[in-house]
Amino acid sequence: MLLGVRHRGGDYSAVSGALSAMLTFLRDRKVRDILWQAAATLVTVAVIWFFVRNASENMVKAGIASGFRFLWRDSGIEVPFNITGYKPSDNLLSLLWTGIVNTLLVSAASIVVATVVGFTVGLLRLSRNWLLSTLAGFYIEFVRNIPLLFFVLFWYFGVLAALPLPRGSYDMLGVIFLNRRGLSIPTPNDVSGLRLALLVIILLVAVQYGIARWARARQARTGRDFPVWPVGFVLCGGLPIAALVVGGMTTTWDLPILRGFNYRGGFVLVPEFVALFAALSTYTAGFIAEVVRGGIQSVRQGQIDAAKALGLTHGRIVRLVVIPQAMPVIIPPITSQYLNLIKNSSFGAAIAYPEIVAVFMGSALVSTGQSIEIIAITLGIYLVLSLSVSVFMNWYNARHKLVTR
Amino acid sequence: MKFYGLVAAAASLIAAPLIAAPAMAQQLAPSETLDAVKARGHVECGVHLGLPGFSFANDKGEWSGLDVDYCKSLAAAVLGDATKVKYTPTSVQQRWPVLQSKQVDVLARNTTITFSRNATLGVDFQGINFYEGQTFVVRTKAKVSAVKDLADGTICVAAGSTEEKTAADWFRERNLKVTIINFQKNDDAISAYDQGRCDAYTAGIGALAGQRIKFKNPEEHQILTEIISNDPQGPVTRWGDERWQLIVRWTLNAQIAAEAFGITSKNVDEMKAKSQNAEVRRILGVEGKFGEMMGLSNDWAYNIVKQVGNYGESYERTVGMGSALKLKRGSNELWTKGGLLFTPSFQ
């Protein structure tokens with residue numbers, strides 16, 4: 001009996017030892033956090049798996065094709081504007097890629113122009129000249145209060161109505177033609193001469209950058225000024241143009257020629273692209289202008305007073321004191337505006353610009369009928385685009401953050 | 001005890017079939033869509049956004065057209081009242097999800113019958129109510145007489161329609177270069193063509209006759225007569241509900257059969273009372289109880305002809321000589337008169 005009691009006591013102490021070890025384990029904050037994370041992940045994965053299984057089973061029951069194999073089917077869909085060389089005999093995967101490239105094209109071009117115009121209008125809004133600041137104010141209010149679809153349709157149908165039919169095109173230098181079907185530009189048949197010119201231009205830009213740094217270091221050391229901008233005009237303006245002209249002369253050109261209804265040959269910039277680009281740039285520029293204005297007004301007046309006391313001119317104050325301090329305030333909201341612009345490029349579907357929504361979520365979806373897969377892919381692509389832009393902007397912001405005590 | 005047990009067993013064996021028999025006689029395959037329609041009290045019909053002659057709402061919101069008449073026939077057959085229909089206008093993209101998700105019971109939307117739609121979308125075509133042919137509309141000033149004259153031109157089209165692929169294939173086979181601009185909706189394509197963005201707009205010849213009123217100056221435009229493809233169009237149902245598909249199919253067949261036997265909305269009462277033709281009597285429900293075999297009343301075809309008319313009356317009123325489109329019957333005539341409309345017999 002005594003032995004039995006001791007034995008049982010031994011059992012209990014082993015169990016209680018294990019229990020207390022487990023409790024100590026659980027009491028650790030980090031362990032609990034990890035366990036909660038694992039539980040949340042499991043639940044999310046289970047929910048997603050359930051929905052995907054449910055959808056695919058129901059689709060099979062209803063006779064609707066499912067799966068991703070449709071991406072390798074022949075597309076048969078025409079895309080009138082593309083720089084990827086897509087043909088309707090290619091498969092749907094290359095149609096998807098063409099859509100992505102077109103979206104990136106219009107988004108990148110619009111982001112650049114919207115930023116330039118937005119900064120300018122934002123600075124004008126703060127100008128001491130009453131007329132300029134009021135005009136800027138009208139522009140901002142007009143653009144912010146009207147839906148983007150209106151702008152897109154206005155630029156498309158408005159611009160279309162203003163341009164002439166192909167027979168009566170506006171022609172520039174006899175080789176560039178502007179009409180209702182688009183802007184026809186000659187393309188070079190052999191790009192090697194131009195590639196050389198491009199290399200020369202990159203070299204010149206690097207030289208200019210080197211000169212700018214050297215001039216700044218010299219000014220810090222000796223206080224002597226150097227005419228960086230005039231040198232820059234020559235190095236980055238005149239000489240590159242000369243290089244391109246020389247490069248252009250080395251090849252023959254594919255000129256647009258009027259054949260029947262349209263100009264054939266060369267590269268055609270369709271009015272859909274121009275309308276979407278113009279609408280997106282002007283619309284987003286209004287919002288960027290307000291962000292810039294907010295950023296500039298956040299710089300403390302004391303900084304500007306101190307700069308004036310140092311004798312800096314107004315242009316230098318803005319360039320060297322105000323804008324560097326305004327950037328950390330401007331960059332996060334501008335990131336949102338860029339993301340909005342990328343998503344707004346889907347309005348291209350309303351005017352037949354072949355970006356990803358029009359071409360993939362429109363034509364491909366109707367011709368294959370696989371709505372769930374196609375919409376999921378399109379969502380994924382927009383997500384990847386937006387996340388890339390955010391990551392880049394956050395990196396840029398971190399680099400320019402002011403170090404405060 | 002055993003004796004009474006035997007008697008009880010024998011009695012139940014004899015009584016059970018007698019009790020169950022009436023119930024068994026009424027047993028038809030379950031039809032989810034038919035039950036939903038009867039519970040709702042109206043038919044949900046998917047139609048075009050606005051195609052004059054086929055499915056078009058005037059400014060008072062009243063729908064009319066060949067496809068609309070089909071929907072009304074369905075309502076007359078199922079519910080006895082041709083006015084109990086709700087129309088859902090759908091674009092070229094919206095029509096499939098709207099049918100697949102059971103939002104509408106049938107799609108009567110001048111939809112072309114194709115293999116890939118039948119095979120991959122989970123939809124079935126229940127007959128042909130209009131034989132369409134694809135062609136182009138161009139500006140009269142352009143002096144285009146044949147489709148191949150459109151080479152090097154620009155063509156506006158609605159994305160996802162059969163016209164888009166057919167036009168692209170036609171020009172590619174002949175090594176002719178053409179630019180095709182895809183719009184999300186037919187109306188966008190039409191206004192872009194009208195504005196001069198494109199040299200031509202392509203659709204079926206019947207559809208073009210209807211869309212003509214949407215141009216700013218209809219006289220300046222010319223519909224070519226050369227047909228580049230034949231597009232049979234008909235009502236569409238989803239997979240899985242065979243009895244509903246039966247009803248949809250035979251409603252269309254009843255309209256065509258009525259014209260074949262000379263039953264019109266004006267003489268249907270007289271035919272019902274006096275006709276000695278066995279098939280006419282079966283169609284109009286005088287004998288045969290065909291309606292009950294589908295789960296409908298035996299008046300189903302009588303209601304169709306009385307309230308909507310036979311196929312010929314419907315055609316003339318909506319797209320034929322009695323309408324603004326003035327389309328000739330062409331292939332849309334009975335097979336006995338040189339056309340392609342045919343129906344199996346009501347036996």
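Every cysteine in the protein assembly as shown with no other Cys Cβ under 4.7 Å from its Cβ, please list them in numeric order.
Those would be A:CYS236, since no other cysteine Cβ in the protein assembly as shown comes under 4.7 Å of theirs.
On a 0 to 90° scale, report how tilted helix A:2-27 is relative to the longest principal axis of chain A, with both axes built from alpha carbons and the result rounded to the nearest 10.
The angle comes out at about 10 degrees.
Quick check: from the Cα gyration tensor, does the range B:190-248 come out rounded (a/c under 1.5), prolate or oblate?
Since a/c reaches 1.5 and a/b is larger than b/c, the shape of the range B:190-248 is classed as prolate.
How far, in degrees from 0 to 90, does helix A:92-125 lean away from the longest principal axis of the Cα atoms of chain A, to the nearest 10?
Around 70 degrees separate the two axes.
How high is the relative contact order of chain A, in percent, with contacts defined as C-alpha pairs under 8 Å that are six or more residues apart?
Taking the mean separation of contacting Cα pairs over the length of chain A, I get 22 percent.
Cβ under 10 Å from A:LEU160's Cβ, A:LEU160 left aside: what net charge do those residues give with Lys, Arg +1 and Asp, Glu -1?
Taking every other residue near A:LEU160 into account, the sum is +2.
Roughly how many whole Å is it from the C-alpha centroid of the range B:252-311 to that of the range A:358-373?
Cα centroid to Cα centroid, the span is 42 Å.
Quote the relative contact order of the range B:179-296 in percent (integer), defining contacts as alpha-carbon pairs under 8 Å separated by 6+ residues.
Normalised by residue count, the contact order of the range B:179-296 is 13 percent.
May I ask you to list, by number, the DSSP H helices of chain B whose Cα span along the axis is at least 24 Å and whose average Kyte-Doolittle hydropathy reaches 1.0 or more?
Answer set is B:2-25.
For chain A, with a Gaussian network of springs between Cα atoms less than 10 Å apart, report the residue from A:ALA206, A:ALA352, A:ALA55 with the top mean-square fluctuation.
Result for chain A, Cα springs under 10 Å: A:ALA206 fluctuates most.
Find out how many positive minus negative residues lie around B:ALA151, taking Lys and Arg as positive, Asp and Glu as negative, among other residues whose Cβ is under 12 Å from that of B:ALA151.
Its environment carries a net charge of +3.
With springs only between Cα atoms under 10 Å apart, run a GNM on chain B and tell me which of B:GLU270, B:GLU164, B:GLU333 wobbles the most.
In the Gaussian network model the winner is B:GLU270.
Determine the calculated [θ] at 222 nm for the protein assembly as shown from helices alone, applying -39500 (n - 2.57) to every DSSP H run no shorter than 4 residues and normalising by the residue count; nearest 500 deg cm²/dmol.
My calculation for the protein assembly as shown gives -17000 deg cm²/dmol from helical runs alone.
In the range B:132-232, what percentage of the DSSP-assigned beta bridges are antiparallel, given to the nearest 5?
60 percent
Using the C-alpha gyration tensor of the range A:92-178, what are the square roots of 5 times its eigenvalues, in whole angstrom, with the largest one first?
Listed largest to smallest, the semi-axes of the range A:92-178 are 31, 22, 15 Å.
First check a/c for the range A:147-211, with a ≥ b ≥ c the square roots of the eigenvalues of its C-alpha gyration tensor; if it is under 1.5, answer rounded, and if not, answer prolate when a/b is larger than b/c or oblate otherwise.
Oblate shape, in that a/c is at least 1.5 and b/c is the bigger or equal ratio.
Rounded if a/c is under 1.5, else prolate if a/b beats b/c, else oblate: with a ≥ b ≥ c from the C-alpha gyration tensor eigenvalues square-rooted, which is the range A:284-405?
prolate
Jot down the radius of gyration and Dmax of the range B:132-232, Cα atoms only, both in angstrom.
12.0, 34
Taking springs between alpha-carbon atoms closer than 10 angstrom, which of B:VAL178, B:VAL68, B:VAL47 fluctuates most in the Gaussian network model of chain B?
Fluctuation is largest for B:VAL178.
List the pair-distance distribution P(r) of the range B:232-347, using every Cα-Cα distance, as the percent of pairs falling in each 10 Å bin from 0 up to the bin containing the longest distance, rounded to whole percents.
With 10 Å bins starting at 0, P(r) equals 13, 43, 33, 10, 0.
Grab the range B:80-205 and count how many Lys pairs have their alpha-carbon atoms under 24 Å apart, sequence gap of 8 or more, or different chains.
Final tally of qualifying lysine pairs is 10.
Using a simple charge model, +1 on the beta-carbon of Lys and Arg, -1 on the beta-carbon of Asp and Glu, nothing else, what dipole does the protein assembly as shown show about its Cα centre, in debye to the nearest 20?
Around 2860 debye, computed over the protein assembly as shown.
Which number comes out as Rg/Rh for chain A once both Rg and the Kirkwood Rh are worked out on C-alpha atoms?
Radius of gyration relative to Kirkwood radius: 1.13.
Relative to the longest principal Cα axis of chain A, at what angle does helix A:130-145 sit, 0 to 90 degrees, rounded to 10?
That works out to roughly 50 degrees.
At q = 0.05, 0.09 Å⁻¹, what log₁₀ I(q)/I(0) does the protein assembly as shown have when each alpha carbon counts as one equal point scatterer in the Debye sum?
-0.42, -0.99
Just to confirm my numbers, what's the Cα centroid distance between the range A:217-272 and the range A:135-205 in Å?
16 Å
Report the percentage of all Cα-Cα pairs in chain B whose separation exceeds 32 Å, rounded to a whole percent.
38 percent
Values in this text are rule-based calculations from the coordinates and carry no lab data. The shown structure was predicted, so the numbers you read here are calculated from the model rather than taken from an experiment. Neighbour counts are summed over all protein chains in view; Cβ atoms, including those assigned to glycine, are modelled from backbone coordinates with ideal geometry.
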